[in-house]
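Notes follow the structure.
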Amino acid sequence: AAVGAVCGGLLGALHGETALPPAWIAELEGRATVLELADDFALEMTHGAALHGPDGASPGWLARYPRA
């Protein structure tokens, strides 16, 4: 199962959701959450310093993703 998950993740990153049948996407449980996390991750990786400034994470970001 782990190999399938890794392969699926790599293929998904390469081809995007347009490679999947629309019916699968429509029925994906938690789709909105997955998309939000993916967008936030991409934003963090490309604009992290601009998002947070010199004092660390912004209050909005910490409210959304609290530290452990």
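Since every read-out is calculated from the coordinates, none of them should be taken as a lab result. None of the values given here were measured: they were computed from a predicted structure. Neighbour counts are summed over all protein chains in view; Cβ atoms, including those assigned to glycine, are modelled from backbone coordinates with ideal geometry.
Give the residue list of trypsin sites (Lys or Arg not before Pro) in segment 14-68 that are DSSP loop and have at most 10 other beta-carbon atoms within 10 angstrom.
Arg67
Rounded to the nearest 0.05, what FRET efficiency do Ala23 and Trp61 give with R0 = 35 Å and r taken as the Cβ-Cβ distance? Could you check? Mind dumping the intermediate values first?
Working: r = 35 Å, r/R0 = 0.99.
Efficiency, rounded to the nearest 0.05: 0.50.
Please give the helix 31-52 orientation as an angle from the longest Cα principal axis of the chain, in degrees from 0 to 90, rounded to the nearest 10. That works out to roughly 40 degrees. Ala23 sits among other residues whose Cβ lies under 13 Å from its own Cβ, and their net charge, with Lys and Arg +1 and Asp and Glu -1, is -1. Here the chain has an Rg and Dmax of 15.5, 45 Å, counting Cα atoms alone.
Kindly state, to the nearest 0.05, the FRET efficiency for Asp39 paired with Val6, given R0 = 30 Å and r defined as their beta-carbon distance. Don't skip to the end; give the middle numbers.
Values: r = 22 Å, r/R0 = 0.73.
So, using R0 = 30 Å, E works out to roughly 0.85.
Relative to the first principal axis of the alpha-carbon coordinates of the chain, what is the inclination of helix 2-15, with its axis defined by its Cα atoms, in degrees from 0 to 90 and to the nearest 10? Compared with the principal axis, the helix lies near 80 degrees. Among the GluC sites (Glu not before Pro) within segment 3-52, those in coil by DSSP and having at most 10 neighbouring Cβ atoms inside 10 Å are Glu27, Glu29.
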